[in-house]
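Below is one structure; the comments refer to it alone.
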Amino acid sequence: MDGNGRWARKRNLPRVAGHRAGTDNLRRILEACVRNNIKILTLYAFSTENWNRPVDEVNSLMRLLEIVIDRELSELDKNGVQIRHIGRLDRIPPTLQHKIQTAVERTRHNDRLIVNIALNYGGRAEIVDAVKAMLAEGLHPEYIDEQTIGRYLYTCGLPDPDLIIRTSGEYRTSNFLIWQSAYSEYYVTDTYWPDFDENELKKAIDHYARRERRFGGVGSS
Ligand code: IPE
Ligand code: MG
């Protein structure tokens, strides 16, 4: 969900106004996902590197996330959305941690759309956590393969993403699902996140539908 800051700057507004606009956008995108039959959506809300931002901006982002959960949880639950968190809970302010845990608990039996909130998430941190857990459990090297590692990631039990959309025209992964995205299709749009709408989502899906996915093979044609 990139480009909030530039969206605000273009309007001579403070960066936090861009972040607010970015959260206002969430409901519309979640509804669009349900309409377009998407089953799993992961939102990259805050990375392990985003702690390097000015403390005021970090605090505003955390506060905004609390507001979003308070504002949207009932509706999301009613609409069959299952909320999950991927990332490290440590460092997240306790009030937000608590709200996340409540949201996860309350929606755990929903199955219309799974929404992973990547918050204090880093792909490298995820792999570090997986290695630590495997060592702590005393896994023998002989029994470690790619499936094993997949089971120790935060996304355990979920398929790898088919499509990764990056808004605001940046061509980099920024530490997002780096293990899981080995064969994901990437789509980059210049649109800033607060302006990303159902029409943009459909464009991304159309692009995806035209790609030939070969997974390292030679394909069918
Ligand atoms: C949102 O966009 C990303 C978050 C960490 C919430 P940015 O804040 O990165 O916006 P730009 O890149 O400065 O435009
Ligand atoms: Mg950015």
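Tabulated data for the structure shown
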{"quantity": "Filter result (out of contact with any helix residue (DSSP H, G or I) (no Cβ under 6 Å at 6 or more places or on another chain) and under 21 Å from Glu126 (Cβ atoms)) within region 3-45", "calculated": "Ile40, Thr42, Leu43, Tyr44, Ala45"}
{"quantity": "One residue from Asn79, Asn175 being assigned by TED's automatic domain parsing to the domain that holds Met1 and either at pLDDT 95 or above or among the polar types (S, T, N, Q) (or both)", "calculated": "Asn79"}
{"quantity": "Filtered residue count, region 5-39, keeping only those that are closer than 17 Å to Leu201 by Cα and either within 12 Å of ligand 2 (Cβ to nearest atom) or open to solvent by less than 60 Å² (accessible area, probe 1.4 Å) (or both)", "calculated": "11"}
{"quantity": "Helices (runs of 4 or more DSSP H) (entirely within region 115-213) containing at least 3 residues that are of a type in the set (Gly, Ala, Ser) and within 19 Å of the chain's Cα centre (by Cα)", "calculated": "123-136"}
{"quantity": "Which listed residue is among the hydrophobic types (A, V, I, L, M, F, W, C) and within 30 Å of Cys33 (Cα to Cα), from Leu135, Leu177", "calculated": "Leu177"}
{"quantity": "Those residues of region 157-203 which are without any contact (Cβ under 8 Å) to a residue 12 or more places away in the chain and within 12 Å of ligand 1 (Cβ to nearest atom), in sequence order", "calculated": "Arg172"}
{"quantity": "Residues of region 192-221 that turn out to be more than 21 Å from Ile38 (Cα to Cα) and surrounded by 13 or more Cβ atoms within 10 Å (Cβ to Cβ), as a count", "calculated": "1"}
{"quantity": "Residue match in region 100-112 (condition: under 24 Å from Glu49 (Cβ atoms), part of a loop (DSSP other than H, G, I, E, B) and away from ligand 1 (no atom under 16 Å from the Cβ))", "calculated": "no"}
{"quantity": "Residues being assigned to a helix (DSSP H, G or I), open to solvent by 50 Å² or more (accessible area, probe 1.4 Å) and either closer than 22 Å to Arg20 by Cβ or touching a residue at least 24 places away in the same chain (Cβ under 8 Å) (or both) - total across region 49-96", "calculated": "11"}
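The values are calculated or read from the model by the stated rules, or taken from the named source; none is laboratory data. Because the structure is predicted, anything quoted here is derived from the model rather than measured. Methodologically, a virtual Cβ is constructed for each residue, glycine included, from the backbone with ideal geometry; neighbour enumeration extends over all protein chains shown. When the accessible area is computed, the model is the full protein with side chains, heavy atoms only, and any ligands, DNA or RNA have been set aside. Shrake-Rupley method; radii C 1.70, N 1.55, O 1.52, S 1.80 Å.
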